[in-house]
Amino acid sequence: MRKQTLAGVVFSAALLGAGITDAFAADETLRSYAEKNGIYIGAILNSQWFGGGLPSQYEQVHKTQFNIVVAENEMKFDATEPSENRFNYNNGDKMVRYAKQNGMRVRGHALAWHSQVPNWVNNYKNDKKKLLSVLKNHIDNVVGHWKGQVDEWDVVNEAISNNEPQWRGFSVWYQGIGPEFIDSAFVWAHAADPNAELCYNDYNLEQGVNPKAKAGFLLEQVKRWVANGIPIHCVGSQTHVEDTTTDKHFIGSPDSLRSLARELAKLNIKLKITELDIGFKSGINVSKSDLERQGQTFRQYLDIILEEPNADTYLIWGVSDKWSWLGGLNRQKGLIYDDNLKPKPAFDSIMVRLQNFEPPQDTSKQDTTVSDTTVTDTTKKDTAATDTVGQDTTISIAKIVGPAGLSMQLNGHTLSVKGAVSARVDVFDMQGRPVFSAKNVKGSVDLKDVSEGLYVVRVRSGSASLTKRIAIK
Ligand code: 9MR
């Protein structure tokens, strides 16, 4: 399977550099590097945006940094069909226009879900035939209205129970129709827009792929749907997770989610991360190192999307910690921008990863090529910096030539830069934190103050830029 092409994405956004740390140039945005890697990176449009209640900087950050969008609440059942057969598309239309203007892909969320169902639907809870026609009518109209404009839909959301691997009981659709509401919803959505990608979306899917976990149960259903010709194309993993150091009870992990991606690949089904946040418990004091560790976890989830061929989307459930649903879950600070819309270490961490990811060219050589410290092996599950450095006994990199003849070469601790009158050199650690920076470099620069480890070095001169992963011993 190939990554989805981003050919349709037009980069018309004014890249003004909003929300970019000083370490990154104005044209270095998450979306520009995501596009280079053939993936989508996004954040919801918060409900407050629809009412015009957010500062202009919010939208500036959003459209500059992201290339896929989803509405926090505005395409849900209660928003789109508040009373029977009377549809309201105003807010959804507003988002679709915004996405078009800014060259973004659109996700639709969500068609059949137990929550945010308007009261009138419950009047029919004991009438299976009527409920079926209510759900069909909703899907026909909503998917039909945005046919060709909403690229992918969460057709069914959260239909599996939290604790036990079984269907969720308290759902008007499940109780009134039975689990076959799911199969039908996919069939109707496909009929309404045959080109839309259709997903099953749920949370706690990063807690292991075994029969006792939600992901194991889901996998069995996906196998059945695929075998029965149900038009399902993707699984959305919401990935609302918690920092595992400050909450010892949280059991999710990037490795578990990666296992699910690999199982889904066997069925030709994609995995998307659709609602990512990595929160801390409310009330605890979140330190700088907590935020850096959070950044590393953000990067580990991104690695799945970059490395697994059937994974293509990395969507965060919010932009800034200031406007986040997480308080309601007794969590805090789970996003990549702080209360003042300033990028957090998590932003730097995923930015540097996006900039430096190199798809493996020859997988048979994985883990073996260490003579060149440019370390093209980026395919490990977790970029275990210490392991890689441990295998790497040299500290020179072959000459790397980039655009406009700009080149760099590392010998010992001396980085030589050629092809530039003067250059800026930045070195970042693997979590994207700047560890060294020098301006007006002519010829060479001494990195002796950079301690042993794995880093990313970037050389820039004018509009030319070269970035490489290096090991320093
Ligand atoms: O972020 C949404 C919040 O504003 C709503 O009050 C809430 C109501 O159910 O839904 C939130 O979004 C949820 C999403 O639709 C489905 N997955 C869980 C999300 C966070 O609760």
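Overall, the range 166-311 carries a charge dipole of about 280 debye about its Cα centre when +1 sits on the Cβ of Lys and Arg and -1 on the Cβ of Asp and Glu, all other atoms neutral.
The value of relative contact order for the range 422-473, using C-alpha pairs under 8 Å at least six residues apart, is 36 percent.
Accessible surface for Tyr174 stands near 70 Å², nearest 10, in the context of the full protein assembly shown (1.4 Å probe).
Using the Kirkwood radius built from alpha carbon pairs, what does the Stokes-Einstein equation give as D for the range 89-225 at 37 °C and 0.692 mPa s, in µm² per second? Taking Rh from Cα pairs, D becomes 207 µm²/s. At an R0 of 25 angstrom, the distance between the Cβ atoms of Ser289 and Ser437 translates into a FRET efficiency of 0.75. How far is it, in nm, from the label point at Lys448 to the one at Lys128 when both lie 7 Å from their Cα along the line to the Cβ? Inter-label distance under the simple model: 8.1 nm. With 0.36 nm allotted per residue and the present C-alpha distance subtracted, the Glu164-Lys266 stretch has 34.2 nm of extension available. Within the same chain, aspartates and glutamates fewer than 8 places from Lys342 are excluded, and of the rest, those with a Cα less than 19 Å from its Cα are Asp22, Asp27, Glu28, Glu59, Asp277, Asp290, Glu292, Asp321.
Available extension along the chain between Ser282 and Gln409 is 41.0 nm, counting 0.36 nm per residue and deducting the alpha carbon span. Between the beta carbons of Lys136 and Thr245, assuming R0 = 51 Å, the FRET efficiency works out to 0.60 to the nearest 0.05.
Based on C-alpha pairs under 8 angstrom that are at least 6 apart in sequence, the range 52-120 has a relative contact order of 42 percent. Net charge in the neighbourhood of Asn85 (other residues with Cβ under 15 Å of its Cβ; Lys, Arg +1, Asp, Glu -1) is -1. Restricting the range 70-127 to GluC sites (Glu not before Pro) that sit in a DSSP loop and have at most 13 other Cβ atoms within 10 Å of their own Cβ leaves Glu84. Derived scalar couplings between HN and Hα for the range 348-354 equal 4, 4, 6, 4, 5, 5, 5 Hz in order, rounded to whole Hz, by the Karplus curve 6.51 cos²θ - 1.76 cosθ + 1.60 (θ = phi - 60°), x for Gly and Pro.
Measuring only protein heavy atoms, the 1.4 Å probe finds Phe436 accessible over about 40 Å². Projecting label points 7 angstrom from Cα along Cα→Cβ for Asn88 and Asn119 puts them 1.5 nm apart.
Residue ranking by accessible heavy-atom surface, 1.4 Å probe, largest first, among Tyr301, Tyr33 comes out as Tyr33, Tyr301.
For Gln101 and Asp339, what is the calculated FRET efficiency with R₀ set at 41 Å and r taken between the beta-carbons, to the nearest 0.05? Step by step, r from the Cβ atoms, then E = 0.90. Summing charges over neighbours of Asn102, with a neighbour being any other residue whose Cβ is under 11 Å away from its Cβ, gives +4 when K and R count +1 and D and E count -1. Electrostatic bookkeeping for Ala265 treats Lys and Arg as +1 and Asp and Glu as -1; over the other residues with beta carbon under 11 Å from its beta carbon, the sum is +2.
The values are calculated or read from the model by the stated rules, or taken from the named source; none is laboratory data. As the structure is a prediction and not an experimental result, all values here were calculated from the model. Every residue, glycine among them, receives a Cβ derived from its backbone with ideal geometry; neighbour counts consider all protein chains shown. Please note that ligands, DNA and RNA were not included when accessible areas were found on the heavy atoms of the full protein model with its side chains. Shrake-Rupley method; radii C 1.70, N 1.55, O 1.52, S 1.80 Å.
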